[in-house]
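Novice: One structure, pasted below without further comment.
Rule-based calculations on the coordinates, nothing more; no lab input. As the structure is a prediction and not an experimental result, all values here were calculated from the model. Because the Cβ atoms are built from the backbone with ideal geometry, glycine has one as well, and the counts that use them run over all protein chains shown.
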Amino acid sequence: METAHADAETARRVAAALAPDNTDDIATTSEGATVRTRVTRGTTGGLLASVDDYLVNLGVADDVAAAGRETQGTAAAADAADTNDADGIRDTADDTHDTHDT
């Protein structure tokens, strides 16, 4: 299976997110903006189950990669990248304004 992504970095991130699912029967790699996955199973039912699981995981990985692209350069992205938080806990950026002139 091959899927096209926005750019090479996105494809690399998607493939990396899918890497924990790599087995002797499933192998995912990226080349340029393309993610390639090879699935080999001994039965049609096994193939169907593997492909179904893979497509669900691919959808999640692609959504996360897209969300990362959308937040690049925002306060939330800067906050998420901050490694100086106590115990490694990261706060969420609050971009809301809670003062209003009345």
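Novice: Can you tell me the FRET efficiency between Val39 and Ala19 if r is taken as the Cβ-Cβ distance and R0 is 22 Å, rounded to the nearest 0.05?
Specialist: E between Val39 and Ala19, to the nearest 0.05, is 0.90.
Novice: Hey, can you rank 1-13, 47-59 by average C-beta count inside 10 Å, highest first?
Specialist: Descending mean neighbour count gives 1-13, 47-59.
Novice: Local charge sum around Thr23 (other residues, Cβ-Cβ under 15 Å, Lys/Arg +1, Asp/Glu -1)?
Specialist: Around Thr23, the charge tally is -2.
Novice: On to the next question. Take Ala49, project a point 7 Å from its Cα along the Cβ direction, then tell me which residues of the stretch 1-41 have their backbone nitrogen under 13 Å from it.
Specialist: 41
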